[in-house]
Amino acid sequence: MVDDFKGKFIVVSNRLPLEIEFQDETESEDAVNDISDTDNVTIKPGSGGLITALTPLLKKYKGLWIGWDGDFSGRISASILDNEGRNLGYDLKTVSLTHQEVRDYYDRFCNETLWPLFHDYLGRTKFHRSTWRVYQHVNQKFAQIVSQYIEPNDFIWIQDYHLIMAGKYLKESGCAEKLTFFLHIPFPPWDLFMRLPWRKELIESLLYYDCIGFQTRRDHRNFIQCVRRLIPQIKVSYVKKHSVIKYAGKHTLVGAFPISIDFKEFEDIAKSKAVQDEAWYIHENLPEKKIILGIDRLDYTKGILGRLRSFEILLEKYPDVHEKITLVQVIVPSRINVAEYKKMRQNIEETVGRINGRFTVKGWVPVHYIYRRLSRIELAAYYRTCEIALITPLKDGMNLVAKEYCASCISGNGVLILSEFAGAASELKRDAILVNPYHVELVAEELYKALQMQPAEIKGKMRRLRNIVRRNNIFVWLDNFLKTAYLELPNDQGTFHP
Ligand code: GDG
């Protein structure tokens, strides 16, 4: 582990690592009375792989996390954040955003331009100069705030597509410290990326960073191809598995760093008594049924409708599985203000209704549908107890659910069916059943095969999957990224081609 920071470890992301809920003034008096100290606001530490991975470093060194707190009303003061930061063990600073900024930068440019384009959905991608301007403006705002806290020897790590341009503005404002970036979503192939009217600005901005991490070698390769096409004069050489781009007198190191999870934490939760009890109840309520699990944020990239269709085809074609299986589909609400997501939810619910209407008999409802965020215990219980995880995104940077499922499958009695278009497929392809989610009939066939698989084969595959996730855990990811960021560049560079 690189552990010789002399300065601060600064993480910058769109949102702070907190779960903040604002109670509406119109809510009942009881609800308001439940809220403790902060004026109709409840604040809890956030969760998720990135927070778990970065927390030890943020605590060990002088850690600082900068992001938007989700507050328009000014109710979250600096002293509240200081207090939350003291509980977490590192500092928190916010970037204030207006309604209009959040709408044009986050809802529109991030989620209607970059998100669909980077996930290969050209047809859904909107190009509006006005939102591009706000995106730049908000990135500038983030850079201004970050620059107020930078001191010599700090390490700055900017996260994800929301803040691609922040590095450029930081460097322009004189930041001389190590400036790095990680993209959590895929980087598109050049023929898609070239449709973006502001393609050159984005690529040039990325080259202000000292080190850039992508999820997979494919994303790394796509990026290098875009850079070569847009800036033909650049020089690219290779050190180990990383590219070194030389442009305008400076170097940018680029590599693939597949993000992961805290394996041990998931395994420990899965072993806990609370999860064991919850898992028992889940199967007790679905007696003698094999459970097929789908868990996704509500998003068109996750392939939920196609998955439901595959399940329906399975039921049409193989009556022998009727009454023996249940698909538990959990959907976590997401981007609920976007009209398209509302429509998507409606389509999903109509499809679930159709399947259940067609196949339900007394004592058996084929699809068990849950539209809410599960608690950590419930989530772990579903992971621990389901026989098959059916993870079929049409495109996904990594997909942590696939890795969390393996870590939580402590009995070893689980089959992972995984889309070949999830970043996780490159690590898990040998022992997961890889499927093309666009081929819904074939997914149904693979599902049928998985249901027939013998226990010895299931256990062998799951043991190997668990070993991979255990070995390539989130701390290894962090270590690899930091080592690369501090790599000394030799004069004579190698010839690796991603
Ligand atoms: C982006 C990229 C990349 C899900 N349901 C519940 C719940 N979850 C948690 C899971 C998991 C996370 O949400 C989802 O992570 P994913 O990786 O699957 O997907 P994105 O949210 O799209 O994340 C993705 C990731 O960044 C990391 O780089 O892998 O490709 O799109 O951790 O556990 N958590 C709880 N209840 C739920 O019902 N508590």
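Would you mind calculating the relative contact order of the chain from Cα pairs under 8 angstrom and at least 6 residues apart, reporting the percent as a whole number?
14
Which value in deg cm²/dmol, rounded to the nearest 500, describes the helix-derived mean residue ellipticity at 222 nm for the chain, given -39,500 (n - 2.57) per DSSP H run of n ≥ 4 and division by the residue count?
So the calculated ellipticity at 222 nm is -12500 deg cm²/dmol.
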(request) Mind giving me the nanometre distance, one decimal, between the label points for Trp364 and Glu441, set 7 Å out from Cα along Cα→Cβ? (result) 2.4
(request) Note down the nm distance, to one decimal, between modelled labels 7 Å out along Cα→Cβ at Lys241 and at Arg103. (result) 4.5
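I want the local charge near Val401. Using Cβ-Cβ distances under 11 Å, sum +1 for each Lys or Arg and -1 for each Asp or Glu among the other residues.
Summing Lys/Arg as +1 and Asp/Glu as -1 gives 0.
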(request) Mind pulling up the Rg/Rh value for the range 163-284? Radius of gyration and Kirkwood radius, both on Cα. (result) 1.19
(message) Can you list residues from other chains, or at least 5 along the same chain, whose modelled amide H is less than 5 Å from the amide H of Ile325?
(response) Lys290
(request) Would you please calculate the Kirkwood hydrodynamic radius of the chain over all C-alpha pairs and express it in Å, rounded to one decimal? (result) 24.1
(message) Please give me the summed charge of the neighbours of Leu97: other residues whose Cβ is under 11 Å from its Cβ, Lys and Arg +1, Asp and Glu -1.
(response) -1
(message) Sort Thr392, Thr326 by Cβ crowding within 10 Å, fewest neighbours at the top.
(response) Thr326, Thr392
(request) Please arrange Leu122, Leu314, Leu18 by counting, for each residue, the other beta carbons lying within 10 Å of its beta carbon, fewest first. (result) Leu122, Leu18, Leu314
(request) In whole Hz, with x marking every Gly and Pro, tabulate ³J(HN,Hα) for the range 272-277 from phi via Karplus 6.51 cos²θ - 1.76 cosθ + 1.60, θ = phi - 60°. (result) 5, 4, 4, 6, 4, 5
(request) With everything on Cα atoms, drop me the angle between helix 440-452 and the longest principal axis of the chain, reported from 0 to 90° to the nearest 10. (result) 60
(request) Would you mind checking the radius of gyration and Dmax of the range 9-256 based on alpha-carbon positions, in Å? (result) 19.1, 65
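If you place +1 on the Cβ of every Lys and Arg, -1 on the Cβ of every Asp and Glu, and leave all else neutral, what size is the dipole of the range 128-223 about its Cα centre, to the nearest 20 Debye? Spell out each step's value before the answer.
Numbers: 12 positive and 10 negative charges, 93 e Å.
Its charge dipole is roughly 440 debye.
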(request) Specify the angular offset, from 0 to 90 degrees and rounded to the nearest 10, of the alpha carbon long axis of helix 217-230 from the longest principal axis of the alpha carbons in the chain. (result) 40
(request) Please compute the net charge surrounding Ala381, taking Lys and Arg as +1 and Asp and Glu as -1 over other residues with Cβ under 12 Å from its Cβ. (result) 0
(request) Return P(r) of the range 264-471 (all Cα-Cα pairs; 5 Å bins starting at 0; whole %; ordered from short to long distances). (result) 1, 8, 16, 20, 22, 18, 10, 4, 1, 0
(message) From Cα pairs below 8 angstrom and at least 6 apart in sequence, can you work out the relative contact order of the range 264-471, rounded to a whole percent?
(response) 25
(request) Mind listing the long-range amide H neighbours of Arg15? Cut-off is under 5 Å, sequence gap 5 or more, other chains count too, H placed in the peptide plane at 1.01 Å from N. (result) Trp68
(request) Please arrange Lys241, Lys461 by counting, for each residue, the other beta carbons lying within 10 Å of its beta carbon, fewest first. (result) Lys241, Lys461
(request) Extending each Cα 7 Å along its Cβ direction at Glu349 and Phe72, get the distance between those two points in nm, one decimal. (result) 2.4
(message) Using only Cα atoms and rounding to the nearest 10 degrees, what angle (0 to 90) does helix 78-88 make with the longest principal axis of the chain?
(response) 60
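Read-outs: derived from the displayed coordinates by stated rules, not from any lab. Predicted model only: the values in this text are computed from it and were never measured. Cβ: placed from backbone, ideal geometry, glycine included. Neighbour counts: every protein chain shown.
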